[in-house]
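S.K.: Please read through the structure below; I'll follow up with questions.
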Amino acid sequence: MTGEMDFWNITDVEKPNQIGKAKSYCSVGIEWAADGANLMTSVLYERVRVDNMINLFTGAGARLLGKGEVFEQLQSVSWQPATPGTLKPPSIKSMQ
């Protein structure tokens, strides 16, 4: 429930390094965007009756929405799917 997240670069399995940290309290949903560079967390009404919200983060844990987008009742969230091959693979260096 504390929502602590650690972001790691594991391109070198022998020397993984942490590239960021973030918090998303009470989140019950977490999903990477189709671009592989952004992450969305959600607090849904089915689990928590207050503070239903979504939070967006970069792949290194930087917040993209300030304190998050709050809703009275949020039932579900998901990214819009992308056709395979339309997005370039993310660059770890661009996320840091």
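S.K.: Looking at Arg63, Arg47, can you tell me which residue is of a type in the set (D, E, K, R) and modelled with pLDDT of 90 or more?
M.R.: Working: Arg47 fails: modelled with pLDDT of 90 or more.
None of the others qualify; the one that does is Arg63.
S.K.: Something else about it: Quick one: is Val70 farther than 28 Å from Thr11 by Cα, in a strand (DSSP E or B), out of contact with any Gly (no Cβ under 8 Å at 6 or more places or on another chain) and among the hydrophobic types (A, V, I, L, M, F, W, C)? Even if it seems obvious, please write down each step before you answer.
M.R.: Details: farther than 28 Å from Thr11 by Cα: yes; in a strand (DSSP E or B): yes; out of contact with any Gly (no Cβ under 8 Å at 6 or more places or on another chain): yes; among the hydrophobic types (A, V, I, L, M, F, W, C): yes.
Spelling it out, Val70 is indeed farther than 28 Å from Thr11 by Cα, in a strand (DSSP E or B), out of contact with any Gly (no Cβ under 8 Å at 6 or more places or on another chain) and among the hydrophobic types (A, V, I, L, M, F, W, C).
S.K.: List the number of the failed condition for Lys21; all other conditions in (1) of a type outside the set (A, V, I, L, M, F, W, C); (2) more than 19 Å from Pro89 (Cβ to Cβ); (3) free of Cβ contacts under 8 Å to residues at least 40 places away in the same chain hold.
M.R.: (3)
S.K.: Pick from the stretch 3-33 the residues that are of a type in the set (Asp, Glu) and at pLDDT below 90: which of them is nearest to Ile54 (Cα to Cα)?
M.R.: Initially, the stretch 3-33 is screened for residues of a type in the set (Asp, Glu), giving 4, 6, 12, 14, 31.
Restricting the remaining residues to those that are at pLDDT below 90 gives 12, 14.
Numbers: Asp12: 32, Glu14: 34 Å.
Out of the qualifying residues, it is Asp12.
S.K.: Residues of the stretch 66-80 being closer than 15 Å to Val48 by Cα and of a type in the set (S, T, N, Q), which ones? Reasoning before the result, please.
M.R.: First pass over the stretch 66-80, keeping only residues closer than 15 Å to Val48 by Cα: 70-77.
Within the stretch 66-80, Gln73, Gln75, Ser76 qualify.
S.K.: Still on this structure, I have one more. Give the residues of the stretch 1-17 that are exposed (fewer than 13 other Cβ atoms within 10 Å of the Cβ) and closer than 19 Å to Met40 by Cα, sorted by residue number.
M.R.: Step one: filter the stretch 1-17 for residues exposed (fewer than 13 other Cβ atoms within 10 Å of the Cβ), giving 1-2, 4, 6, 8, 10-17.
Once the filter is applied, which keeps residues that are exposed (fewer than 13 other Cβ atoms within 10 Å of the Cβ) and closer than 19 Å to Met40 by Cα, the stretch 1-17 yields Met1, Thr2, Glu4, Asp6, Trp8.
S.K.: Right, another one. Here's a check for you: in the stretch 67-87, which residue that is aliphatic (A, V, I, L, M) and under 21 Å from Glu4 (Cβ atoms) is farthest from the chain's Cα centre (by Cα)?
M.R.: Per the criteria, the residue is Val70.
S.K.: Another question, then. Just the residues that are closer than 23 Å to Lys88 by Cα and either among the β-branched types (Val, Ile, Thr) or surrounded by 15 or more Cβ atoms within 10 Å (Cβ to Cβ) (or both), please, taken from the stretch 24-54.
M.R.: The first filter runs over the stretch 24-54 and keeps only residues closer than 23 Å to Lys88 by Cα, leaving 30-41.
Once the filter is applied, which keeps residues that are closer than 23 Å to Lys88 by Cα and either among the β-branched types (Val, Ile, Thr) or surrounded by 15 or more Cβ atoms within 10 Å (Cβ to Cβ) (or both), the stretch 24-54 yields Ile30, Ala33, Ala34, Ala37, Asn38, Leu39, Met40, Thr41.
The values are calculated or read from the model by the stated rules, or taken from the named source; none is laboratory data. Being a predicted model, the structure only gives us computed values, none of them experimental. We place every Cβ from the backbone using ideal geometry, glycine too, and count neighbours over all the protein chains shown.
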